[in-house]
Amino acid sequence: MSTVSKIALVTGGSRSLGKNMALRLAEKGLDVVLTYRSQAEDAAAVVAEIESQGQKAVALQLDVAEQQTFPQFVERLQLALQDRWSRSSIDFLINNAGIGGHGMVTDTPEQLFDDLFNVHFKGGYFLTQSLLPLLEDGGGIVNISTGLARFAIPGYSAYASMKGAIETYTHYLAKELGARGIRANTVAPGAIDTDFNATAFEHNPGMRDMLAGVTALGRVGQAEDIGGVVAFLCTDDARWITAQRIEASGGMFL
Ligand code: NDP
């Protein structure tokens, strides 16, 4: 008996954490719309991998820092949904796309602050607002935060503050959208070995051991540690979970 698959949209699904989320969602029988900013080939490879698992997928370009493009993105999404699924809605939205940025409070440049704000907070806020008309009642939103919103490592004040804002936003989404049966949760990864941290690991040879040392489970996280948590939140088993912050950090700084 064939059932109709639900559709999850993952921003930044072309690489690293977003890619793992997309693949784990597909493993659970969801179809996926993934977005990428510039790496179209990486995104196409993720689409091909999902389709080889027997689920449908499409990739769309999106820069979440360019909020003025969101109406046009919604149009492209609607066309893709119609074309591939004969549908006009999605079931889950995962706001994952993100950039890093390091600077002490004393010298964080305004431009870095604005870039982090645009991508992480304003981007996530208004993309969600733009997509709410397309989000099915009974669906869900997962916003990706960071362990750094709970514990402080010097140099991440601006980045972590944007993630803290997204956590607060998620709480409000859960409250305001509850009447539509829409759940909203945050997943907060600890330090994960992805492209995101590649430069920092390269320039600080002791960093990997330091992070492993402050982690109860004794190692740095991998992308595979995160995708399944997000995918679980997009299943019926998570139907009573909303307004929660789930930290997946292996127990950092307990
Ligand atoms: P990566 O840098 O490895 O990948 C980033 C992804 O986001 C890519 O798909 C990239 O697209 C996309 N992206 C980047 N900027 C934009 C933008 N302006 N608009 C749209 N898409 C964009 O990061 P991770 O996978 O490690 O991180 C994913 C999320 O997890 C981020 O929100 C990050 O803050 C968060 N996080 C990461 C942690 C870590 O240690 N790695 C820890 C805690 C949270 P493209 O490939 O086209 O460039």
- Message: Which condition from (1) within 14 Å of the ligand (Cβ to nearest atom); (2) in a helix (DSSP H, G or I); (3) surrounded by 17 or more Cβ atoms within 10 Å (Cβ to Cβ) is the one that Asp114 breaks?
- Response: (3)
- In the range 54-78, the residues that are assigned to a helix (DSSP H, G or I) and either of a type in the set (S, T, N, Q) or touching a residue at least 40 places away in the same chain (Cβ under 8 Å) (or both): Gln67, Gln68, Thr69, Phe70, Pro71, Gln72, Phe73, Val74, Leu77, Gln78
- Note on the structure: Residue set Ser38, Ser5; condition in a loop (DSSP other than H, G, I, E, B), within 16 Å of the ligand (Cβ to nearest atom) and more than 16 Å from the chain's Cα centre (by Cα); output residue Ser38
- Item | Filter pass, Gly18 being within 15 Å of the ligand (Cβ to nearest atom) and either in contact (Cβ under 8 Å) with a residue 24 or more places away in the chain or in contact with a Lys or Arg (Cβ under 6 Å, 6 or more places away or on another chain) (or both) | yes
- Query: Which number in (1) farther than 22 Å from Val32 by Cα; (2) assigned to a helix (DSSP H, G or I); (3) modelled with pLDDT of 95 or more marks the one condition that Phe196 misses?
  - Reply: (3)
- Item | Subset of the range 186-206 [of a type in the set (Ser, Thr, Tyr), touching a residue at least 60 places away in the same chain (Cβ under 8 Å) and surrounded by fewer than 23 Cβ atoms within 10 Å (Cβ to Cβ)] | Thr194
- Query: Does at least one position in the range 77-100 carry a residue that is within 14 Å of the ligand (Cβ to nearest atom) and out of contact with any strand residue (DSSP E or B) (no Cβ under 8 Å at 6 or more places or on another chain)?
  - Reply: yes
- Task: Considering each of Arg183, Arg239 in turn, give the residue that is surrounded by 16 or more Cβ atoms within 10 Å (Cβ to Cβ), of a type outside the set (Gly, Ala, Ser) and over 24 Å from His102 (Cα atoms).
- Result: Arg183
- So Lys175 clears everything in (1) of a type in the set (D, E, K, R); (2) within 15 Å of the chain's Cα centre (by Cα); (3) under 27 Å from Asp236 (Cβ atoms) except one condition, right? Which one? (2)
- Scan of the range 143-180 for residues that are surrounded by 23 or more Cβ atoms within 10 Å (Cβ to Cβ), touching a residue at least 60 places away in the same chain (Cβ under 8 Å), among the hydrophobic types (A, V, I, L, M, F, W, C) and assigned to a helix (DSSP H, G or I), ordered by number: Ile166
- Neighbours by Cβ (under 8 Å, 6+ apart or cross-chain): first from the range 215-244, on the phi > 0 side of the Ramachandran plot; second assigned to a helix (DSSP H, G or I) and modelled with pLDDT of 95 or more: Gly218/Ala212; Ala243/Thr170; Ala243/His171; Ala243/Ala174; Ala243/Lys175
- Note on the structure: Across (1) modelled with pLDDT of 95 or more; (2) closer than 22 Å to Asp137 by Cβ; (3) surrounded by fewer than 14 Cβ atoms within 10 Å (Cβ to Cβ), Thr11 clears everything bar (3)
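For (1) farther than 13 Å from Gly140 by Cβ; (2) touching a Ser or Thr at 6+ places or on another chain (Cβ under 7 Å); (3) of a type in the set (D, E, K, R); (4) in a strand (DSSP E or B), each residue gets a yes or a no:
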site	(1), (2), (3), (4)
Ala212	yes, no, no, no
Arg219	yes, no, yes, no
Glu224	yes, no, yes, no
Ala231	no, no, no, no
Trp240	no, no, no, no
Leu254	yes, no, no, no
- Item | Residue count, the range 48-68 (criterion: of a type in the set (Val, Ile, Thr) and either within 10 Å of the ligand (Cβ to nearest atom) or under 16 Å from Gly227 (Cα atoms) (or both)) | 2
- Check the range 217-235 and report whether any residue there is among the aromatic types (Phe, Trp, Tyr) and under 18 Å from the mean Cα position of the chain (by Cα). yes
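The values are calculated or read from the model by the stated rules, or taken from the named source; none is laboratory data. Given the structure is predicted, the values throughout are model-derived calculations rather than measurements. As a convention, Cβ positions derive from the backbone with ideal geometry for all residues, glycine included, and neighbour counts pool all protein chains shown.
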